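Here's the structure, in structure tokens; my notes come after.
The values are calculated or read from the model by the stated rules, or taken from the named source; none is laboratory data. None of the values given here were measured: they were computed from a predicted structure. Virtual Cβ from ideal backbone geometry, glycine too; neighbours counted across all protein chains shown. With ligands, DNA and RNA removed, areas are computed over all heavy atoms of the protein, side chains included. Shrake-Rupley method; radii C 1.70, N 1.55, O 1.52, S 1.80 Å.
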Amino acid sequence: MIRAVIFDLDNTLTDFVKMKDEAILAAADAMIDMGLPLTTEEARSRIYEIYDREGIEYQRVFDQLLRDFYGRVPPAILAAGIIAYRRSRDSILVLYPHVKLTLIELIRRGLGLAVLSDAPSLQAWQRLHHLALQHTFDHVITFDDTGEHKPSPAPFRKAMELLGMDAGELLMVGDWPERDMRGAGALGIRTVFARYGDTFNTKCSGADYEIDDLIELLDIIEELNGEEAPPK
């Protein structure tokens, strides 16, 4: 009997990769407009090199870009990058289709909901607030809660502890086979691969189920719980 669903956040509920890339391009163009003597692609490449080195959630990436280039941080150029990034992020960060509908239906059916993210707590909560999901989940577990990234068992065990449920009562929905599917599956949690959020061109996810739209999750739960579909 499935009693709760655990969701990854980025590229499962929202298209984080698209948002990040578009916001970086906007920031690069804004800094160039203020005098940074690089092409857009050169600036983008340098920014991603910093993210590769420091982590995708690194909050001082533009400071580092400018310090590497100038040996200091020109405030006018930095401000342009920050403002352009935030404006672009806020306009692009939206839910995938049918996410809200699916979450509401899961709540209506009495299932528990949790988010399990490798993002730091502040960044995860900022995204949830922006997406108007801050009151949707019973628990939000982030990297800061265990100090370990998926597929370590620690984050999944933390979710099980907070939900008060065994592995057999849970489903894990995520977009990253190496982290979400492998980590959950190792503990006996059934897994659902969000193919719509896949950024690795995955051929074999190793998941128990695969979906192209989050609303398909409702049919999976009906199948596992032996329920009849609710009337339309």
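Under a model in which nothing but the beta-carbon of Lys, Arg (+1) and Asp, Glu (-1) is charged, the chain shows a dipole of about 640 debye around its Cα centre. Database remark: amide H of PHE7 closer than 5 angstrom to the amide H of ALA114, VAL115, LEU116, VAL173 (H placed geometrically; neighbours at sequence offset of 5 or more, or on other chains; Pro and chain starts carry no H). Rounded to the nearest whole angstrom, the semi-axes of the ellipsoid equivalent to region 14-73, taken from the Cα gyration tensor as √(5λ), stand at 19, 14, 9, largest first. Taking every Cα-Cα distance in region 144-232 and sorting them into 10 Å bins from zero, the calculated P(r) comes out as 17, 45, 31, 7, 0 percent. Under a model in which nothing but the beta-carbon of Lys, Arg (+1) and Asp, Glu (-1) is charged, region 97-213 shows a dipole of about 100 debye around its Cα centre. Per-residue Karplus couplings for region 189-202, computed as 6.51 cos²θ - 1.76 cosθ + 1.60 with θ equal to phi - 60°, are listed in order as 7, 5, 10, 10, 8, 7, 4, 5, x, 5, 10, 10, 6, 5 Hz, Gly and Pro entered as x. The residue list PHE62, LEU113, THR14 was ranked by how far each Cα lies along the charge dipole of region 1-132 toward its positive end, using unit charges on Cβ atoms, and LEU113 comes out on top. Surface listing: LYS18, LYS150 arranged by accessible area from highest to lowest gives LYS18, LYS150, probe 1.4 Å.
Tell me, Kirkwood radius of region 99-177 from alpha-carbon pair distances, in Å? 13.2 Å is the Kirkwood radius here. Accessible-area rank, largest first, for PHE62, PHE200: PHE200, PHE62, with all protein chains present and a 1.4 angstrom probe. Helix 121-130 and the long axis of the chain differ in direction by around 80°, with both axes built from C-alpha atoms. Could you look at the chain and say what percent of its accessible area is carbon and sulfur, using a 1.4 Å probe and all protein chains? The nonpolar share, carbon plus sulfur, comes to 51 percent. When only alpha carbons are used to place a centre, region 168-225 and region 88-148 end up 17 Å from one another. Note that the chain presents 49 Å² accessible area per residue, ligands and nucleic acids not counted, probe 1.4 Å.
Taking every DSSP helix (H) stretch of at least 4 residues in the chain, weighting each as -39,500 (n - 2.57) and dividing the sum by the residue count yields a mean residue ellipticity at 222 nm of -14500 deg cm²/dmol. Considering only beta bridges that DSSP places wholly inside the chain, some 5 percent are antiparallel.
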